[in-house]
1. Can you give the charge dipole size of segment 24-118 about its Cα centre, rounded to the nearest 20 debye, using +1 on the beta carbon of Lys and Arg and -1 on the beta carbon of Asp and Glu?
2. Placing +1 at every Lys and Arg Cβ and -1 at every Asp and Glu Cβ, with all other atoms neutral, what dipole size does the chain have around its Cα centre, in debye to the nearest 20?
3. Step through the residues of segment 71-78 one at a time and calculate ³J(HN,Hα) from phi using the Karplus curve (6.51 cos²θ - 1.76 cosθ + 1.60, θ = phi - 60°), rounding each to whole Hz and writing x for Gly and Pro.
4. Please report, to one decimal in angstroms, the Kirkwood hydrodynamic radius of segment 85-173 built from all distinct Cα-Cα pairs.
5. Sort largest first and round to whole Å: the equivalent ellipsoid semi-axes of segment 12-99, each the square root of five times a Cα gyration tensor eigenvalue.
6. Which cross-chain or sequence-distant (5 or more) residues have an amide H under 5 Å from the amide H of Val131, H modelled 1.01 Å from N in plane?
7. Which is farthest toward the positive dipole end of the chain among Asn169, Cys135, Val45, measuring Cα position about the Cα centre, with Cβ charges +1 (Lys, Arg) and -1 (Asp, Glu)?
8. Whole number please: convex hull volume per residue, Cα atoms of the chain, in Å³.
Amino acid sequence: MNIAVGDLGDSQPASPEACPALVLNADFRPLSYYPLSLWNWQDAVKAVFLDRVNIVSHYDRVVHSPSFEFRLPSVVSLKNYVKPAKYPAFTRFNVFLRDKFTCQYCGVQNELTFDHVIPRSKGGMTTWENVVAACSPCNLRKGGSLPKAAGMIPNQHPMRPTVYQLHANGRLFPPNYLHESWMDYLYWDTELEP
């Protein structure tokens, strides 16, 4: 089936690749804030036709074939609630997100690696409770020393975050592109200004 894209008159690019759909859980919260839970237009359309999602909002773009025309969804919600995991996976990215992409020794936000607070050579484990984000210069300076011996105590004590804590941190780093139809669903649980 050939599908083409059309424009209903707004100023967004005509390319359907520029029209991802924000994916909400059945409770209308994003499945993930960082990375933001997005589906490409093909996955969103497929989920609609498989009756797995409800369309919450549309783009002013259509895809069409010889037999039908369909407005691209900009926001979809799952029909069945997906219970989020309480704790996120232990990954380098999630360590950086927990630490807000900031070196826990000097506060810079570039050249990040991760550092074992108690070095592995001294029995330190590669766990949430012993790994922090560190810039390369600080990591080299600390080397295999214990924090007190190196005079380098992390700004925050490393701990295993909850998914909710990572989501809160993820809201601090919005993606480069946020469609206006997404805004009511991305920050709806924050306090409103008077």
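1. Numbers: 11 positive and 8 negative charges, 57 e Å.
Here segment 24-118 has a charge dipole of around 280 debye.
2. Rounded to the nearest 20 debye, it is 1220 debye.
3. 6, 6, x, 9, 9, 10, 10, 5
4. On the way: mean 1/r = 0.0765 Å⁻¹.
13.1 Å is the Kirkwood radius here.
5. On the way: eigenvalues 162, 49, 19 Å².
Semi-axes, largest first: 28, 16, 10 Å.
6. Residues meeting the criterion, in which the H sits 1.01 Å from N, are Val117.
7. Ranked along the dipole, the leading option is Cys135.
8. Numbers: hull volume 32.5 nm³, N = 194.
Enclosed volume per residue, from the Cα hull, is 168 Å³.
No value in this document is a laboratory result; all are computed from the given coordinates. Quick caveat: nothing in here was measured; it's all calculated off a predicted structure. Using ideal geometry, Cβ is built from the backbone for each residue, glycine included, and neighbour counts are taken over all protein chains shown.
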